[in-house]
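Asks: Got a structure here, written out as C-alpha cells. Questions coming.
The values are calculated or read from the model by the stated rules, or taken from the named source; none is laboratory data. Here the structure is a predicted model, which means the values were calculated and not measured. When we count neighbours, we look across all protein chains shown, and the Cβ atoms used for this are built from the backbone with ideal geometry, even at glycine.
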Amino acid sequence: MLTTVLFSGCNNPEGGVKEDTLEEATADTAVMYNDENARVEADGVEIKEMGDGFWNDIDFESPVVDVATLRGVDVEKRATNDYTIYTTDEQVLFDTDKAALRDDAAPKLQEIANEVKETPGNSPIRVYGFTDARASADYNMELSQQRAQSVKDWLQSTGGIDGSRISIQPMGEKDPVATNQTPEGRQQNRHVAIVVATTE
C-alpha cells in the first residue's frame with residue numbers, strides 16, 4: 001500500500017516562506033495552523049497529524065481482526081489501539097506490473113471505505129504500496145507509489161473519503177513480510193495496506 005502530502009507556503013520577496021493562515025484556506029486546500037499536530041480544513045474539520053515517527057513504526061503483523069464482509073472480498077483487517085490496517089495482495093487490485101485498478105477491485109475497496117467512514121473524520125489515513133524484489137529498487141519504488149496513488153484516488157473520488165485525510169507512502173521492496181526467494185513469498189510481498197490512525 002507513497003509520496004506524503006506536502007504543504008507549502010508562498011514565497012515572499014525576501015526569499016523566505018510566508019506562513020499560511022486559516023483565513024487563506026480554501027475549500028480544496030489544507031493548511032498548517034497553530035497546532036503543529038493538526039491540519040485545519042476550511043470547513044472547520046481538524047485532521048490530526050501523526051508525524052513520520054508514527055507512520056514509520058506501523059507493525060503490519062498486528063493482531064488479525066476477523067470481519068466476515070472483508071474476508072469475503074480478500075481483505076485482511078489488523079488492529080492495535082493506535083491504528084487499523086486493511087491489507088490486500090496486489091493481484092486483488094492490480095494486473096501484473098500495472099498500477100491501474102482492476103475493474104473488480106471496486107467491491108473490495110468499497111468494503112474498506114465503508115469501514116473507514118465509521119472512524120472519526122479527523123483520523124488520518126496512509127496508503128502503503130509494497131512490491132517484491134524481482135525488478136530494480138527504483139522501478140519497484142515507482143510502481144508502489146503509482147499503486148498507492150491509485151488507491152488513494154479511488155478512496156477519494158469513489159469511496160467518499162475526504163482526500164485531505166489520505167497520504168501515500170511507497171515502500172517498494174522494503175520491509176518484506178516473506179522471503180523473495182519463492183513465488184509464494186514474492187506474492188505475499190506484493191500488497192497494498194491502508195492504515196487508519198486512531199484519534200479517539
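Asks: Looking at (1) at pLDDT 90 or above; (2) within 18 Å of the chain's Cα centre (by Cα); (3) under 22 Å from Met171 (Cβ atoms); (4) not hydrophobic (A, V, I, L, M, F, W, C), which one does Pro63 not meet, given that it meets all the others?
Replies: (2)
Asks: Give the residues of segment 181-191 that are surrounded by 15 or more Cβ atoms within 10 Å (Cβ to Cβ) and either outside any strand (DSSP E or B) or at pLDDT below 80 (or both), sorted by residue number.
Replies: We begin by selecting, within segment 181-191, every residue surrounded by 15 or more Cβ atoms within 10 Å (Cβ to Cβ); these are 185-186, 188-191.
Correct list: Gly185, Arg186, Gln188, Asn189, Arg190.
Asks: Among Val92, Val151, which is the only one that is assigned to a helix (DSSP H, G or I), surrounded by fewer than 21 Cβ atoms within 10 Å (Cβ to Cβ) and aliphatic (A, V, I, L, M)?
Replies: Val92
Asks: Within segment 56-89, can you find the residues that are in a loop (DSSP other than H, G, I, E, B), surrounded by 12 or more Cβ atoms within 10 Å (Cβ to Cβ) and not charged (D, E, K, R)?
Replies: Listed by number, the residues that qualify are Ile58, Phe60, Ser62, Val67, Val73, Val75, Thr80.
Asks: Among what's in segment 72-127 and is modelled with pLDDT under 85 and small (Gly, Ala, Ser), pick the residue that is farthest from Arg165 (Cα to Cα).
Replies: Taking the candidates together, the pick is Gly72.
Asks: Let me ask something additional. Please find, among Gly121, Gly129, the residue that is within 21 Å of Thr84 (Cβ to Cβ) and part of a strand (DSSP E or B).
Replies: Exactly one residue qualifies, and that residue is Gly129.
Asks: Report, ordered by the first and then the second residue, all pairs with beta carbons closer than 8 Å, sequence separation of six or more or different chains, a first member in segment 188-200 that is acidic (Asp, Glu), and a second member that is outside any strand (DSSP E or B).
Replies: Short answer, once both residue conditions are applied: Glu200/Pro120.
Asks: Is at least one residue of segment 8-29 assigned to a loop (DSSP other than H, G, I, E, B), at pLDDT 85 or above and hydroxyl-bearing (Ser, Thr, Tyr)?
Replies: So far as segment 8-29 goes, no, none of its residues is assigned to a loop (DSSP other than H, G, I, E, B), at pLDDT 85 or above and hydroxyl-bearing (Ser, Thr, Tyr).
Asks: Here is a further query. Which residues, counting only those in segment 125-142, are of a type outside the set (S, T, N, Q) and buried (at least 23 other Cβ atoms within 10 Å of the Cβ)?
Replies: Matches in segment 125-142: Ile125, Arg126, Val127, Tyr128, Gly129, Phe130.
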